[in-house]
Amino acid sequence: MKLLAVGDVHLGRTPSRLPEELAQRARDLGPVGAWGRTVDVAIAAKVRAVLLAGDVVERENDFFEAYRELEQGVRRLTEVGIEVIGVAGNHDVKALPRLAAQIPEFRLLGAAGQWQSRQITDGVDTMTLWGWSFPRREVHSSPLAEQKFDTGTGIHLGLLHCDRDARVSPYAPVSSQQLRQAGLDGWLLGHIHKPDALSVDAPSGYLGSLTGLDRTETGVHGPWLIDVSGGRIERVEQLPLAPLRWEAIEVDLEGMAEPAAVNACVLEALRALDDRITAPTGAQEPAATPDAVGVSITLCGRTRYGAAALAELSANRQEIIHFGAAGRSYFIVKASLATQPETDLEELAGQPTPVGLLAQRLLWLQQPAGHPERDQLVAQARARLQSQAAKPTWKDLDSPDPDPVQWLRSAGLRALDQLLAQARDTT
């Protein structure tokens, strides 16, 4: 008996910061496209049920779009005998029960914050699914507190949207200990968008978002295929179905002869990335690889051309710069600098010049937290960045909490490159 477990879908949300050529396909590259692929694979793999771990809908006012897409997928699934079972998360606490009322074939578990079970069988194996849904947008107590499960024969799995190991949280905080002590065979969790490494030996954890929703959600995203046979979980495998993927790579510039050579270095790195994405995963079921990949690039290595190479690369942001296997599109969403000057920072820091002062501060940033000068720099930068990030102008950016160390290091290295270039030009 096969099950397909799906993490946060967020129907109603579309990816942003796409190149113009891909912007017209934003709907198919986002959650709508990922949900369509999931339905296709569920039917092809002949799964017994599709399980949704909450936050199926992005916002309450996305009701009609979510209804259209969810209803179409549920109808296709149930027409071939595949059950669709889900729980409501904090994003769709009102929308998902309303959708369930309009789509009779969709079964919502745990309405009004009351645990509920559903038995699934294929005539040979039996599995019991336990689910709990958010009764309101904020739940500050654990839904597992004092909860006892009546576990009989067969496999028992929990389906829950929660904030694991958060001591204080408005999103149904539960502890790993509570999950372990509940007595179920595994937990399929929603809420956190980074997937855990679920396995046959440890079939518990976050399923992750169905598709990466912004550049911070890197790596493989997709539903999880679970095989139950002979009263045991025999396979737990993530299928890389997300049509849009986000990746972060480093590109070494050491030995680069001129700034323009960064383009060849990046293409070489993208070819290697494309080979890795295209390589077979060992999946036994039909799967798909992404149609497009947004890449955050960090330039590293020793070079005198770090700042110039970054400027060269930044000119190509949000343009398709490479086509991989099957016409897969690669584009740059972010480029940052982490190169080192050809002259050692320690040597530069000994100079009584602006270059020396800047090199000294870059060395401080290499120190661990607790180093007084490093901590003072970081605190000042964090205050400045947070004051800027709080402005309404930036509210739609992907990363509302910028990393001050990364920003300081990147800005400092660019400035150092420019100062060293000026010094070379005057000699």
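Read-outs throughout are calculated quantities, based only on the coordinates presented, and are distinct from any laboratory measurement. Fair warning: this is a prediction, and the values are worked out from it, not measured in the lab. Note: ideal-geometry Cβ built from the backbone for every residue, glycine included; neighbour counts use all protein chains shown.
In this structure, GLN119 and ILE320 have a Cβ-Cβ separation that, at R0 = 30 Å, corresponds to a calculated FRET efficiency of about 0.05. Rounded, prolate or oblate for region 69-127? Axes are the square roots of the Cα gyration tensor eigenvalues, ordered a ≥ b ≥ c, and the cut-off for rounded is a/c under 1.5. Because a/c hits 1.5 or more and a/b fails to exceed b/c, region 69-127 counts as oblate.
Calculate the FRET efficiency for ALA311 and ALA248 from the Cβ-Cβ distance with a Förster distance of 22 Å, rounded to the nearest 0.05.
Numbers: r = 20 Å, r/R0 = 0.92.
Using R0 = 22 Å, I get an efficiency of 0.60.
Each of the peptides 175-184, 22-31, 403-412 was scored by the mean count of other Cβ atoms within 10 Å over its residues; in descending order, highest first, they stand as 22-31, 403-412, 175-184. Among the trypsin sites (Lys or Arg not before Pro) in region 237-329, those located in a DSSP loop and surrounded by at most 16 other Cβ atoms within 10 Å of their own Cβ are ARG317. Computing FRET efficiency as 1/(1 + (r/R0)^6) for GLU346 and VAL405, where r is the C-beta to C-beta distance and R0 is 22 Å, gives about 0.70. Taking each residue as 0.36 nm, the span from ARG27 to GLN376 lengthens on full extension beyond its C-alpha to C-alpha distance by 121.2 nm. Nearest 10 degrees is fine. How inclined is helix 354-365 to the longest principal axis of the chain, computing both from alpha carbons? So the helix axis and the longest Cα principal axis differ by about 30 degrees. Overall shape: oblate for region 3-137, with the ratio a/c of the largest to smallest alpha carbon gyration tensor axis at 1.5 or above and b/c at least equal to a/b. Working note: Karplus 6.51/-1.76/1.60 with θ = phi - 60° gives region 137-152 the couplings 5, 10, 10, 8, 10, 6, x, 9, 4, 6, 8, 10, 9, 8, 9, x Hz, where Gly and Pro are set to x. Extension gain, ARG98 to ALA112, is 3.8 nm, computed as 0.36 nm per intervening residue step minus the present C-alpha separation.
Note on THR393 and ASP196: their simple-model spin labels are 4.2 nm apart, each label 7 Å out from Cα toward Cβ.
Residue by residue, region 205-219 carries 3J(HN,Hα) couplings of x, 6, 6, x, 5, 4, 9, x, 8, 7, 5, 7, 9, 7, x Hz when phi is fed to the Karplus relation 6.51 cos²θ - 1.76 cosθ + 1.60 (θ = phi - 60°); x denotes Gly or Pro.
According to the square roots a ≥ b ≥ c of the eigenvalues of the Cα gyration tensor, what is the shape class of the chain, taking rounded for a/c under 1.5, prolate for a/b larger than b/c otherwise, and oblate for the remainder? Verdict is prolate for the chain.
In this label model, PHE64 and ARG167 are separated by 4.7 nm, measuring between points 7 Å along each Cα→Cβ vector. Placing pseudo-labels 7 Å out from each Cα toward the beta carbon at GLN418 and LYS46 gives an inter-label distance of 6.5 nm.
Extension gain for THR153-GLU79 works out to 23.7 nm (0.36 nm per residue, less the C-alpha to C-alpha distance). In whole Å, what is the distance between the alpha-carbon centres of region 329-357 and region 107-170? Region 329-357 and region 107-170 have Cα centres separated by 51 Å.
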